[in-house]
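The values are calculated or read from the model by the stated rules, or taken from the named source; none is laboratory data. Remember, it's a predicted structure, so these values are computed and weren't measured experimentally. Cβ: placed from backbone, ideal geometry, glycine included. Neighbour counts: every protein chain shown.
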C-alpha cells in the first residue's frame, strides 16, 4: 500500500486511516482497530477522526436518560485516556466537508486536509423532517443529539404544550421526555398505530391504551399539514390532515431517520435509490479504499440498519478486513426488546407475518395493556412475534424462531389461569444456555449425546452437585418406552398399581414377573431397586410386607442412606437428624443432643427444617448414638429417606400477637401422622399461624396457612433448584377436613408420581394439573378418596420407629460395622480436622495414592 | 451364633480372598445379603468391597471410590446390565463392573479387582 506523507504531525511510513464520524459505531470501530494493534501508539497506522459534534462519542440509545439525570459525561462511550493512549487524532467539532477520491484526501470544515490510505465513513443518519410549511419556525426541534436535548430543555421552560410528530420508537421517547419536562404532550402519528415498524395493529392498540393512561394524547392516522407560528415567529399550533388543529408551543419532529450520505454523493460514491452508501459484504463502497459502516450504509442485503448492534457488527468486520483478515457483514436480526415509557415492547423475526400462508396466534388484554402475537408458519414453525406489556418470554421465544414450538402456541400467549402460559421446558432453551453450572456445560454440548452416562463421561455435566440431572434427562432423546429403567418397561406409577393390586411383596417377585424379559432373574439396577423398595414400603401395611425397610430382601433395595438409616457424607461418614416435630423441643432434649454431639465429636448444624443435624458419625457409631437418642425419647427424623422430612412451623397464636391458629400444634400433629411415609421423593411441609407466612409454607410440598376461619392448604411448592410457590388447593378447612385432604393428596401423589418427582414437577406434569388433582382429592371425581384415606390410615397404624427397632435387634445391628472381618476396627479413612471450634472431614487422607516424587539425583545438569 | 443348632441351620460357607499362594478367609457367606456389599480390611491395610449377587456369585473390588476418594463402594447397590454385574457408587452413582473393575461411566477409570471365592 503506497504511503503518502501526512500533512500534520507525521506518523511516517504507516498507512493513514481517516474516520468520518465519531458516533457509537465510529467509536466501536476505533476500539476494534485498537484491539487489533492498528494504532499510532503501536506504530502501525495513523488514525484521524473527524467528529461533527462538539463532544466525543456518546450513547445515543440512552439519550433520553439525560432527562432522568444523566449528564452528557455519563453518556460518554469513550473510556478516559483511550484517545490519547492509542495516539488517535480526534478532531471534535470539525466535520469532514469534502472528499477528493482522486487525490485521496479529506478536507475538514476547519480547512485542514488529510490524506488517507483508507477512508471509513461512519456518518450515521439525520432526522427526517417532513416538508411541511412552518417546519423551521422557532420552537421546532429534532431529537437526535445532546445539543437537541439541551435546546428542547431550554425552550420548554417557556412552553406549556408540546407535540411530537412521529409515534415510533424515538417519537415515544421524545414524548416521554416532553412529559417529563412538564408539558401537556401530544403524539401525532401518520400510520394508524404507534410504533408501526415494530408492532402490528393489536400491539399498537395495547401500547396506545397504556400510553394514554400515562396522560399523553395520541393522534394516529393523521398527518401534519402545517406548523403555525404566531407574530413573534414562535410555534403556536399545528393543523392536521383530518382538518383538526392542535395548539402547541413546541414541536419535535421524530418521523424517522435517513442515512447521512451527502458526503459520499458529493464525491461520486454509489448510493441507493432511497439513500444509503452502497457497500459490499466487506462494507466496501464503490471505491475499494473507502468503507461505510453503521446507519449511513446500505448493506449488501439491501437494508439500511437503524439499530446499533448491526452497526457494531459492521465496525468489527471492517476493522478485521483492514487488519488483513476475512470478515463480512451480510445482514442482521432486527429483533428488539426495549422498555419504552416503562412498557415492555419486543418484536422478533417476521413480526408482521409477511410469510405466505402464515397464521397469527394472538392474545390481547387491552385492560392490562398486554398484547402477544406469535406468527406461525403453515408447518407450525415459529416465524416471529410481537410482545407488548409483558415481554418476559422474549428470551426463550427469540432463539426458537425458525423451529417448531414444543407446545401449542396459544399456550404460550395465554395468561396464567387461562390454560397458560406454559413455561417452556429445557427443550425451549437456546443451545448456549448453561445447564450444568458446576462444570459450565451448555445445552448444546449436552445435546450432542444420547444417554446420561455418555453425557457424564464426555462433558462432566451432572457429576458436580447433580441438581441438573433432571433437566439433562429431559434434554436427552426420550426413549419410545417410558419404562422406569433397563429392568422395567413400566413407569413407577404403573409398578405401584401392580404391587398394590397383585399384593406383590418382594422385588425379586416383581422383577421376575413384570421385568423386561432380559432383566428377569438378574440383579436389577440402582434405579429400580430403591424405587420398588419405596413402593413396597409405601404399601407395606396394605399388601402385607414388613414395614421395616431393612427386613429381608428389602435391605438390599435401599440406597445406602436408607440402609444405614443415616445420610452418607462426602468422606464416608454419616449424619444424623433426630425428629423434632414442628421444631418444638424441650431444653432437656436439646441438652441430650448437645451431650451426644459432644461425646461423639460430631459437627452440629441447625437445618432449614428446624432440626439439628449431627455430622461425622462412623457406621459403627450409629447404633451407639441412637441408643442414647432413643433413650432420651427421640426417634428417626427420616432425613435419609424419600419420605416426610419435617413440618416446619412458626410460633403461632399461642405466643405471636398476630397468630390466628395454633400452628405449632398442627405442625406436630401432621409430622407425627405422616412420619415414615415412603414417597417418590422427599416431602416437606410447614404450617404458618397467619397470612404473614413466617413458616414459608408456600415453599413446601404441602403448606398450611392459618386463616381466621381455619386453614388454607397449598400444594406443590418447592425451593431448591427450581423454586415454585405452592398453589391453593382448598381454603378455610377445619382441622379434620385439613388432615383428610392431606391424606388424600399425599396418597394420590405417591400413587401417580414418577420416581424422584417432587410434588411441584408432578403437579406441572400430570394431565390436567392442579385442577385435575383438586377434582380427584376434593371432589372425588375418580371415586378414589375412600381408598386413599384407607391407605393412609394403614400407614399411620403401621408406623414404627426404625431406629428403635434397629437398636433393639442384634440381628439388625450386625450390619453397622465398617469391616465385616474386623468389627471392632473403626474406618481409618474417616478422620477429621478442626474448623471453627468443631470438626470437618479430613479430605487429605482421601486424596489417593501419593505419587513418587522424582528427584534430581542422577540427572545430568 | 449362639447355639450349635443355629450354626448348622445356616449357610456355613465362607468368603475367601486370594492371599499370596493361598486363600484368606474373610467372613461367613451368610453375612452378605445378595445384592449388597460389605467392606473387609486386609492385613496390609487395604480395604476390599465384597458382594454377592442374586445367583450367589461373589465379587471383590477395591473399596475406594476413585471419584471422591471415599472408601464407600461396598455400600453401593448391586445391579446387572446386559448380564454383567455392577455396583453403583453410593456417592455420585458411577457404576463399576464387578468382574473387571472398569467404570461404566468413564473409560479412563478402573478400580482394582481381587480374586475371590465362596467355598
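Regarding region A:48-55, can at least one residue be identified that is buried (at least 22 other Cβ atoms within 10 Å of the Cβ), at pLDDT 90 or above and within 37 Å of the chain's Cα centre (by Cα)?
No, the conditions are met nowhere in region A:48-55.
Consider residue A:590 against the criteria (1) assigned to a helix (DSSP H, G or I); (2) crowded, with 21+ Cβ neighbours inside 10 Å: it satisfies all of them except one. Which criterion is unmet?
Unmet condition: (2).
With region A:661-734 as the region, which strands (runs of 3 or more DSSP E) entirely inside it contain at least 1 residues that are under 17 Å from residue A:748 (Cα atoms) and modelled with pLDDT under 95?
A:727-733
Say we look at region B:52-64 and pick out the residues that are touching a strand residue (DSSP E or B) at 6+ places or on another chain (Cβ under 6 Å) and in contact (Cβ under 8 Å) with a residue 60 or more places away in the chain; which of these is nearest to the other protein chains (Cβ to nearest Cβ)?
The extreme case among them is B:52.
Could you check residue A:771 against (1) in a helix (DSSP H, G or I); (2) surrounded by fewer than 18 Cβ atoms within 10 Å (Cβ to Cβ); (3) free of Cβ contacts under 8 Å to residues at least 40 places away in the same chain; (4) touching a strand residue (DSSP E or B) at 6+ places or on another chain (Cβ under 8 Å) and say which number it fails?
Going through (1) in a helix (DSSP H, G or I); (2) surrounded by fewer than 18 Cβ atoms within 10 Å (Cβ to Cβ); (3) free of Cβ contacts under 8 Å to residues at least 40 places away in the same chain; (4) touching a strand residue (DSSP E or B) at 6+ places or on another chain (Cβ under 8 Å) one by one, residue A:771 breaks only (4).
Starting from residues that are farther than 14 Å from residue A:204 by Cβ and at pLDDT 85 or above, keep the ones in region A:362-380 and report whichever is surrounded by the most Cβ atoms within 10 Å (Cβ to Cβ).
Restricting to residues being farther than 14 Å from residue A:204 by Cβ and at pLDDT 85 or above, the top hit is A:374.
Return only the number of the condition from (1) buried (at least 16 other Cβ atoms within 10 Å of the Cβ); (2) not in a loop (DSSP other than H, G, I, E, B) that residue A:793 does not satisfy.
Result: residue A:793 fails condition (1) only.
Among the residues of region A:805-815, is any assigned to a loop (DSSP other than H, G, I, E, B), buried (at least 16 other Cβ atoms within 10 Å of the Cβ) and in the same structural domain as residue A:579 (by TED's automatic domain parsing)?
Looking for residues that are assigned to a loop (DSSP other than H, G, I, E, B), buried (at least 16 other Cβ atoms within 10 Å of the Cβ) and in the same structural domain as residue A:579 (by TED's automatic domain parsing), one finds at least one in region A:805-815, hence yes.
Looking at (1) surrounded by fewer than 16 Cβ atoms within 10 Å (Cβ to Cβ); (2) free of Cβ contacts under 8 Å to residues at least 40 places away in the same chain; (3) over 23 Å from the mean Cα position of the chain (by Cα), can you tell me which one residue A:765 breaks?
Going through the list (1) surrounded by fewer than 16 Cβ atoms within 10 Å (Cβ to Cβ); (2) free of Cβ contacts under 8 Å to residues at least 40 places away in the same chain; (3) over 23 Å from the mean Cα position of the chain (by Cα), residue A:765 breaks only (3).
Output the number of the condition that residue A:2 fails; it satisfies all remaining conditions of (1) within 22 Å of residue A:324 (Cα to Cα); (2) assigned by TED's automatic domain parsing to the domain that holds residue A:93; (3) modelled with pLDDT under 90.
Only one criterion is unmet by residue A:2, namely (2).
Each row is one residue, and each column tells you yes or no for (1) modelled with pLDDT of 90 or more; (2) in contact with a helix residue (DSSP H, G or I) (Cβ under 8 Å, 6 or more places away or on another chain).
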{"site": "A:151", "(1), (2)": "yes, no"}
{"site": "A:168", "(1), (2)": "no, no"}
{"site": "A:174", "(1), (2)": "no, yes"}
{"site": "A:184", "(1), (2)": "yes, no"}
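Restricting region A:468-493 to residues that are at pLDDT 85 or above and within 14 Å of chain B (Cβ to nearest Cβ), which is surrounded by the fewest Cβ atoms within 10 Å (Cβ to Cβ)?
For region A:468-493, the residue satisfying everything is A:486.
Whether any residue in region B:15-36 is under 10 Å from the mean Cα position of the chain (by Cα), assigned to a strand (DSSP E or B) and either within 7 Å of another protein chain (Cβ to nearest Cβ) or under 21 Å from residue A:571 (Cβ atoms) (or both) is what I want to check.
Checking region B:15-36: not a single residue is under 10 Å from the mean Cα position of the chain (by Cα), assigned to a strand (DSSP E or B) and either within 7 Å of another protein chain (Cβ to nearest Cβ) or under 21 Å from residue A:571 (Cβ atoms) (or both).
Enumerate the strands (runs of 3 or more DSSP E) found wholly within region A:247-332, keeping only those where 3 or more residues are at pLDDT 95 or above and over 26 Å from residue A:135 (Cα atoms).
Counting at least 3 such residues, we get A:290-292.
Among the residues of region B:37-51, write down those that are within 10 Å of chain A (Cβ to nearest Cβ) and either at pLDDT 90 or above or in contact with a strand residue (DSSP E or B) (Cβ under 7 Å, 6 or more places away or on another chain) (or both).
Within region B:37-51, B:37, B:38, B:39, B:40, B:41, B:42, B:47, B:48, B:50, B:51 qualify.
Scan region A:647-660 for residues that are in a loop (DSSP other than H, G, I, E, B) and either crowded, with 23+ Cβ neighbours inside 10 Å or under 37 Å from the mean Cα position of the chain (by Cα) (or both) and jot them down.
Matches in region A:647-660: A:650, A:651, A:652, A:658, A:659.
Can you report the number of residues in region B:65-109 which are more than 8 Å from every other protein chain (Cβ to nearest Cβ), within 16 Å of residue A:818 (Cα to Cα) and not in a loop (DSSP other than H, G, I, E, B)?
Number satisfying all stated conditions: 2.
Testing residue A:782 on (1) away from chain B (no Cβ under 14 Å); (2) surrounded by fewer than 18 Cβ atoms within 10 Å (Cβ to Cβ); (3) assigned to a helix (DSSP H, G or I), one condition comes back false. Which one is that?
Result: residue A:782 fails condition (3) only.
Quick check, is residue A:627 in a helix (DSSP H, G or I) and either out of contact with any strand residue (DSSP E or B) (no Cβ under 6 Å at 6 or more places or on another chain) or under 30 Å from residue A:601 (Cα atoms) (or both)?
It is true that residue A:627 is in a helix (DSSP H, G or I) and either out of contact with any strand residue (DSSP E or B) (no Cβ under 6 Å at 6 or more places or on another chain) or under 30 Å from residue A:601 (Cα atoms) (or both).
Across region A:509-524, what is the number of residues that are within 14 Å of another protein chain (Cβ to nearest Cβ), surrounded by fewer than 21 Cβ atoms within 10 Å (Cβ to Cβ) and assigned to a helix (DSSP H, G or I)?
4
Can you name the residue in region A:494-507 that is touching a residue at least 24 places away in the same chain (Cβ under 8 Å) and surrounded by fewer than 20 Cβ atoms within 10 Å (Cβ to Cβ) and, of all such residues, is nearest to residue A:749 (Cα to Cα)?
A:497
Looking at region A:793-802, is at least one residue within 14 Å of another protein chain (Cβ to nearest Cβ) and more than 23 Å from residue A:571 (Cβ to Cβ)?
no
Return the residue satisfying two criteria in turn: it lies in region B:84-119 and is surrounded by fewer than 19 Cβ atoms within 10 Å (Cβ to Cβ) and touching a helix residue (DSSP H, G or I) at 6+ places or on another chain (Cβ under 8 Å), and of such residues it is nearest to residue A:560 (Cα to Cα).
Top of the filtered list is B:104.
Please state which one of A:129, A:92, A:120 is under 30 Å from residue A:230 (Cβ atoms) and under 44 Å from the mean Cα position of the chain (by Cα).
A:129
Before we move on, is residue A:147 surrounded by fewer than 19 Cβ atoms within 10 Å (Cβ to Cβ), farther than 30 Å from residue A:40 by Cα and touching a strand residue (DSSP E or B) at 6+ places or on another chain (Cβ under 6 Å)?
No, not satisfied.
Pick from A:615, A:600: which is modelled with pLDDT of 95 or more and in contact with a helix residue (DSSP H, G or I) (Cβ under 8 Å, 6 or more places away or on another chain)?
The unique qualifying residue is A:600.
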